[in-house]
1. Evaluate the distance, in nm, between pseudo-label points positioned 7 Å from the Cα of Ala130 and of His74 along their respective Cα→Cβ axes.
2. Just to be sure I follow the rule: in segment 41-132, considering lysines 8 or more places apart or on different chains, how many pairs have Cα atoms under 21 Å apart?
3. Determine the shape class of segment 41-132: with a ≥ b ≥ c the square roots of the Cα gyration tensor eigenvalues, call it rounded for a/c under 1.5, and otherwise prolate if a/b is greater than b/c, oblate otherwise.
4. What net charge is computed for the residues neighbouring Leu119, neighbours being all others with C-beta under 13 Å from the C-beta of Leu119, Lys and Arg scored +1, Asp and Glu -1?
Amino acid sequence: MLSKGIGAIAARSLSMAHTPRHKPRWVFTPLLFSSSASKGRKLVLYSKPGCCLCDALKEKLHAAFSLSGPDSLHDVVLQLRDITSNPEWEKAYQYKIPVLAKVLADGTEEILPRFSPRLGVELVQKKIAAAFRQ
């Protein structure tokens with residue numbers, strides 16, 4: 001019974017807003033970014049439950065967002081999208097997850113190059129910051 005509840009939660013799209021002085025906050029939103037997070041930079045992570053590569057990248061992103069410095073990602077909003085909840089996403093990304101995309105000013109998404117699972121947290125932070133500078 002517990003796994004059924006977890007599956008229902010995992011099927012929802014999640015957003016994680018990062019602020020410099022607060023712990024990450026998870027916001028459940030269907031497919032949209034929350035209005036409070038609309039001012040910052042945005043990333044979308046396409047993943048699915050039970051994907052060990054996806055889980056590892058989520059952990060590295062969480063750690064990278066908490067680092068400070070010149071490549072700080074404190075204003076980045078991360079939206080997690082479960083590809084099993086949308087047939088189009090599943091068809092597009094079933095063999096490619098985890099897929100990380102930055103959201104452009106016009107609302108379109110640009111897929112970022114895949115990060116090596118061996119990449120350290122600091123390099124993940126630098127690569128994401130560099131992607132936003134482009």
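What follows draws every value from the coordinates through simple rules; no lab data is involved. These numbers were taken from a predicted model, which means no experiment stands behind them. When we count neighbours, we look across all protein chains shown, and the Cβ atoms used for this are built from the backbone with ideal geometry, even at glycine.
1. About 2.4 nm, to one decimal.
2. So the count of such lysine pairs works out to 23.
3. Verdict is oblate for segment 41-132.
4. Around Leu119, the charge tally is +3.
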